[in-house]
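> Let me give you the structure first, and then I'll get to my questions.
The values are calculated or read from the model by the stated rules, or taken from the named source; none is laboratory data. Not measured: the values here are computed from a predicted model. When we count neighbours, we look across all protein chains shown, and the Cβ atoms used for this are built from the backbone with ideal geometry, even at glycine. In case anyone asks, the SASA skips ligands and DNA or RNA and just uses the protein heavy atoms, side chains included. Shrake-Rupley method; radii C 1.70, N 1.55, O 1.52, S 1.80 Å.
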Amino acid sequence: MSTDQFGLAEGDYVPDPDRDTTLLIDAFYDHLAATLLEYALPSDLTTAMQARQGELEAANQHLIVDEPARHNLRMTLALVAAYEFLLPGLGQETAIAAVRAAFVEPLGDTMKEGTRAMLDTAPDAFQAMVQLSKSREEYAFGKGFVFARPVDDDERYHVDVRRCFYHDVLVANSAPELTPVMCAFDANWIEAIAPDRHGFHFDRRTTIGTGGTHCPFHFSRSQEAG
C-alpha cells in the first residue's frame, strides 16, 4: 500500500498548506497520545494541548503575514502547546525529545518514500528537486521567511533562509529551544537524496535553530553529472 499521502511521487506536487498542515498536526497528536501512555501521563492531556494550541493561535494572530503563515503558525504552536504540558512532568530534555519524535517520525516514511520516488522517476532529478524547493518557498513558506539565492543556475541552486518564521514564532512564545525540532523534520526528505543515483548532493551545514546566522539549503550537481 502506498504511503505517499502528499503525492510527491507523481512529480507534479504543489504544496497545499491547509491539507499538509492538518496531516502533520493530526499525526503529531496521535503520536503524543502514545507518548502519554509511555510516561504514565493523563491520557486527556492531548485534549488540553489542542485547546491550548487554539488559545495560542488567537493570541498570535498578529504574526500572520500571509496565508502560508496562517498554517505555519498552527503547526508551530502545536509544538509549543504540547511542550508546555510535557515540560512539568518530563523535564526539558525529555519533553523536547518527545515533541521532536511526535513531529518528525509519524510521516517520515511517507516523505522519504515519496521524495525518493519523485527523484527516481524524474528525467532530471536535480531540476525536479529545485522546482519542488521553489514551489515550497512560494506556497508553503511565503512571506514569513526571507530567502536569498546566491546561486541559481543549471548546476547549483543555493538558497539561504535569512529569516525563519518558525523561529520567530517560537521566540515570541518563549520556546526557541524547539526550533531545532523544525530543522530535524527536513531529514525526512534530505535522506531520500542519493547523490550517486540522482546526480546531485545537498548541503545544510547549519541552521538558525542550531545557532547559525542563516539556513543554507544548497543543491549542487555532482561533478560527474551533466
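> For segment 30-82, what relative contact order do you get, as a whole percent, if you take Cα pairs closer than 8 Å and at least 6 residues apart?
Averaging sequence separation for qualifying contacts and normalising by length gives 37 percent for segment 30-82.
> A follow-up question, please. Would you be so kind as to identify which of Leu132, Leu178, Ala82 lies farthest towards the positive end of the dipole of the chain, taking Lys and Arg as +1 and Asp and Glu as -1 on Cβ and the Cα centre as origin?
Going by the Cα projections, it comes out as Leu178.
> Working from Cα positions, state the angle (0 to 90°, nearest 10) between the long axis of helix 108-121 and the longest principal axis of the chain.
Its long axis makes an angle of about 10 degrees.
> Then there's this: Please give the helix 125-136 orientation as an angle from the longest Cα principal axis of the chain, in degrees from 0 to 90, rounded to the nearest 10.
Its long axis makes an angle of about 40 degrees.
> What's the magnitude of the charge dipole for the chain around its Cα centre, counting Lys and Arg as +1 and Asp and Glu as -1 at the beta-carbon? Answer in Debye, nearest 20.
Working: 18 positive and 35 negative charges, 116 e Å.
Here the size comes out at about 560 debye.
> What is the helix-to-structure angle for 45-59, meaning the angle in degrees between its Cα long axis and the longest Cα principal axis of the chain, kept from 0 to 90 and rounded to the nearest 10?
70
> Next question. How large is log10 of I(q)/I(0) for segment 35-170 at q = 0.12, 0.13 Å⁻¹ when the intensity is taken from the Debye formula with one equal scatterer per alpha-carbon?
Summing over Cα pairs of segment 35-170 leads to -0.65, -0.74.
> Rank these by accessible area, largest first, 1.4 Å probe: Arg197, Arg19.
Most to least solvent-accessible, the answer reads Arg197, Arg19.
> Toward the positive end of the charge dipole of the chain, about the Cα centre and with charges on Cβ (Lys, Arg +1; Asp, Glu -1), which of Gly108, Phe28, Val169 goes farthest?
Val169
> Further question on the same structure: Skip the ligands, DNA and RNA, and give the accessible area per residue of segment 167-215 with a 1.4 Å probe, whole Å².
43
> At 222 nm, what helix-only mean residue ellipticity would the chain give, in deg cm²/dmol to the nearest 500, using -39500 (n - 2.57) for each DSSP H run of four or more?
That calculation yields -17500 deg cm²/dmol at 222 nm.
> Taking 8 Å as the Cα distance limit and 6 or more residues as the minimum spacing, I'd like the relative contact order of segment 68-226 as a percentage.
Details: 208 pairs, mean separation 42.6, N = 159.
Relative contact order, segment 68-226: 27 percent.
> Now for a different question. Given a 1.4 angstrom probe, what's the average accessible area per residue across segment 82-123, in square angstrom? Mind showing how you got there, number by number?
Numbers: 1990 Å² over 42 residues.
In whole numbers, segment 82-123 has 47 Å² accessible per residue.
> Taking all protein chains as present, what is the carbon and sulfur share of the accessible area of the chain, in % to the nearest whole number, probe 1.4 Å?
Carbon and sulfur together cover 50 percent of it.
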